[in-house]
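Contents: one structure, followed by commentary.
Derivation of every value follows stated rules applied to the coordinates shown; laboratory data play no part. Only a predicted model underlies this, so the values are computations on that prediction, with no experimental measurement involved. FYI the Cβ positions are ideal-geometry reconstructions off the backbone, even for glycines, and counts take in every protein chain you see.
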Amino acid sequence: MKAIIITGTPGTGKTVLAKALAEKLSYSCVDVNKIIAKYHISEGYDEKRKTKIIDTKKLSKSLIKEISSLKKTKVEGIIIDSHLSHYLPKKYADLCIVAKCDLKTLKKRLKKKKYHKDKIRENLDAEIFDVCLEEAKQGGHKITIIDTTKGIQINRVIKKLNL
């Protein structure tokens with residue numbers, strides 16, 4: 001069973017890419033928010049950032065459990081979509097896709113999602129400094145970058161990934 005993780009700054013198109021890939025490849029798509037709820041991983045709520053506080057080590061352990069249980073179902077592959085997915089140890093992921101887009105597009109997407117201006121700034125900074133990409137590199141993942149600025153052409157993505 002193949003395991004693909006998709007990471008990137010919020011708003012870069014991870015979920016759209018994950019759903020399109022899962023459908024095209026007939027893979028199972030793992031919703032990390034459901035995993036966080038199922039395993040009670042949230043350690044509180046950050047009022048300033050309007051987000052859950054997640055222990056990435058607990059998240060990784062929970063994702064490993066999910067991967068193990070999905071292997072028993074004989075599913076062909078899974079896609080894990082989250083800006084935290086790159087914390088999964090590299091031995092559990094065959095490929096790490098980092099979704100990226102230009103800053104103008106990202107800002108529009110985050111405004112459309114009704115993000116607060118401070119949260120938009122924080123995410124733009126994360127994209128500028130390639131936080132998810134750098135953390136994925138530190139984790140030793142096999143990385144492919146997909147630019148979603150002009151949308152996602154799934155056949156082109158699959159060709160780039162050699163799947």
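At-a-glance table
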| read-out | value |
| --- | --- |
| From the coordinates shown, log10 I(q)/I(0) by the Debye sum over Cα atoms at q = 0.08, 0.17, 0.18 Å⁻¹ corresponds to which of (1) -0.37, -0.96, -1.03; (2) -0.22, -1.05, -1.18; (3) -0.35, -1.05, -1.09 | (2) |
| Least to most buried among 127, 134 (fewest other Cβ within 10 Å first) | 134, 127 |
| Residue order, fewest to most surrounding Cβ atoms within 10 angstrom, among 45, 27 | 45, 27 |
| Neighbour-count ranking [beta-carbon atoms within 10 angstrom, fewest first] of 86, 40 | 40, 86 |
| Residue (of 143, 21, 87) at the positive-pole extreme of the chain, dipole from beta-carbon charges | 21 |
| When each of 104/159; 48/113; 57/91 is checked by Cα-Cα distance, pairs over 22 Å | 104/159 |
| Estimated FRET transfer efficiency (residue 75, residue 117; beta-carbon r; R0 45 Å; 0.05) | 0.65 |
| Sequence ranges 135-142, 69-76, 94-101, ranked by mean other-Cβ count within 10 angstrom, highest first | 94-101, 135-142, 69-76 |
| Net dipole in debye of the chain [+1 Lys, Arg Cβ; -1 Asp, Glu Cβ; about Cα centre; nearest 20] | 420 |
